[in-house]
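Working notes, beginning with the structure itself.
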Amino acid sequence: YRGSKVPDLPGTNTFHSTELFRIYEATPGYTPILIVASEDDKPVAKLLAAIRKSVRMFPPGIIKRCEVYGTGEYFNNEADKEIIFSDMLQRLTNEALRDSFLIEFRNLENAMFGYKSFRDNQYIAINWLRVRNSLHSVRKGGRAFQPVTYPANKRKGYKNGAQVREARTKEEILCFAQMLRHVYSSKIRRHFPSIKFFQHLENQLTKGQQSKIFIVIYKEKIIGGSACIYSDDSAYLWFSGGMRKTYALQYPGILAVWKALDDAKQRGYRHLEFMDVGLPFRKHGYREFVLRFGGNKAAPDAGSVSVGTG
């Protein structure tokens, strides 16, 4: 439960890293839980979860839910990952249900991995869509797939005075977070963390190139931006948005996503995944928006979310 207690652990998965643990720990409204599995006093796997608190106005109340991205990271290829995961899952479930009413696993790479363990611990599966852009050379008929909807808007945004670059200072990150909070406040679809989350993101991950924050600027004002996380060979767009109503001619939301895609491609990542694009049987404006960048909508079972309730 405390960063000072976390031992030195191997691994390359950012979503189960000590750095992300410390970001959660330092952000109001989050409580991280790191489960470490060991054999003969040697770590063989780890699983990072975060309990987040949300305050709802209608009806009034405080809701706590536990979120996990993926099914952990494993260090011993010869070990039985299913057994290790079963032990970690049972421990996490017992710990998290003390404070949260819901445990949710997202971004499952293999929907069948751990299926029996989830069932044994009273989890249920919910179909959840994932949108992923391939950034490596994918060709059909000799031509690379390219998005067809937004290139003209991107050019217009630049022509009308908008600029896009990586955030350079703490002040820019603060302005970006405040702008994004204002954008998200009018949308119910997603939880938005404390502004301190982005400040700690810069302190813990940005310097190690595990994350980047891009900003869209017009007349020295930040009007849009995006925050990305990088893990192994993939990039993940965690948050993005823009003041599209006030600055419609600058297309801030489009430029923020374009910059994230282009930067990930230039740095050699194979995919960029848009996080939290919603349920498959429900209209979702953000999902339709990002699909126009040329992404592929994965089959629902490939992006299943397993949920446990107490």
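Data table
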{"quantity": "Residue selected from the stretch 189-208 under the condition aromatic (Phe, Trp, Tyr) and open to solvent by less than 20 Å² (accessible area, probe 1.4 Å), by the criterion nearest to Arg22 (Cα to Cα)", "calculated": "Phe197"}
{"quantity": "Tally, over the stretch 3-41, of residues that are among the hydrophobic types (A, V, I, L, M, F, W, C) and over 19 Å from Cys66 (Cβ atoms)", "calculated": "1"}
{"quantity": "For Thr71: the one exception among (1) in a strand (DSSP E or B); (2) within 24 Å of the chain's Cα centre (by Cα); (3) modelled with pLDDT of 85 or more", "calculated": "(1)"}
{"quantity": "Residue match in the stretch 260-271 (condition: surrounded by 16 or more Cβ atoms within 10 Å (Cβ to Cβ), assigned to a strand (DSSP E or B) and among the hydroxyl-bearing types (Ser, Thr, Tyr))", "calculated": "no"}
{"quantity": "Some residue of the stretch 101-116 being open to solvent by 20 Å² or more (accessible area, probe 1.4 Å), touching an Asp or Glu at 6+ places or on another chain (Cβ under 6 Å) and touching a residue at least 40 places away in the same chain (Cβ under 8 Å)", "calculated": "yes"}
{"quantity": "Filtered residue count, the stretch 71-87, keeping only those that are surrounded by 19 or more Cβ atoms within 10 Å (Cβ to Cβ) and touching a residue at least 60 places away in the same chain (Cβ under 8 Å)", "calculated": "1"}
{"quantity": "Test: residue in the stretch 34-53 that is hydrophobic (A, V, I, L, M, F, W, C) and modelled with pLDDT under 90", "calculated": "no"}
{"quantity": "Members of the stretch 100-120 that are assigned to a loop (DSSP other than H, G, I, E, B) and within 13 Å of Met88 (Cβ to Cβ)", "calculated": "Phe113, Gly114"}
{"quantity": "Qualifying residue in the stretch 160-169 (condition: open to solvent by 60 Å² or more (accessible area, probe 1.4 Å) and assigned to a helix (DSSP H, G or I))", "calculated": "no"}
{"quantity": "Residue satisfying all of: in the stretch 94-135; of a type in the set (Asp, Glu) and modelled with pLDDT of 90 or more; nearest to Gly70 (Cα to Cα) among these", "calculated": "Glu104"}
{"quantity": "Of all residues in the stretch 1-21 being outside any loop (DSSP other than H, G, I, E, B) and in contact (Cβ under 8 Å) with a residue 60 or more places away in the chain, the one that is surrounded by the fewest Cβ atoms within 10 Å (Cβ to Cβ)", "calculated": "Glu19"}
{"quantity": "Breaking point among (1) under 20 Å from Ser231 (Cα atoms); (2) at pLDDT 90 or above; (3) surrounded by fewer than 15 Cβ atoms within 10 Å (Cβ to Cβ), for Tyr24", "calculated": "(3)"}
{"quantity": "Any pair with Cβ under 8 angstrom, 6 or more apart, that starts in the stretch 152-180 at a residue that is at pLDDT below 95 and ends at one that is hydrophobic (A, V, I, L, M, F, W, C) and open to solvent by 60 Å² or more (accessible area, probe 1.4 Å)", "calculated": "Lys156/Leu249; Gly157/Leu249; Asn160/Leu249"}
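So that you can scan it fast, the table gives a plain yes or no per residue for (1) open to solvent by less than 30 Å² (accessible area, probe 1.4 Å); (2) free of Cβ contacts under 8 Å to residues at least 60 places away in the same chain; (3) closer than 21 Å to Gly11 by Cβ:
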position: Ser38; (1), (2), (3): no, yes, yes
position: Asp41; (1), (2), (3): no, yes, yes
position: Ile63; (1), (2), (3): no, yes, no
position: Leu89; (1), (2), (3): yes, yes, yes
position: Leu97; (1), (2), (3): no, no, no
position: Asn121; (1), (2), (3): no, no, no
position: Ile124; (1), (2), (3): no, no, no
position: Val131; (1), (2), (3): yes, no, no
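The values are calculated or read from the model by the stated rules, or taken from the named source; none is laboratory data. Keep in mind that this is a model prediction, so the values were computed, not measured. Every residue, glycine among them, receives a Cβ derived from its backbone with ideal geometry; neighbour counts consider all protein chains shown. To get the accessible areas, we keep the full protein, side chains included, count just its heavy atoms, and leave off ligands, DNA and RNA. Shrake-Rupley method; radii C 1.70, N 1.55, O 1.52, S 1.80 Å.
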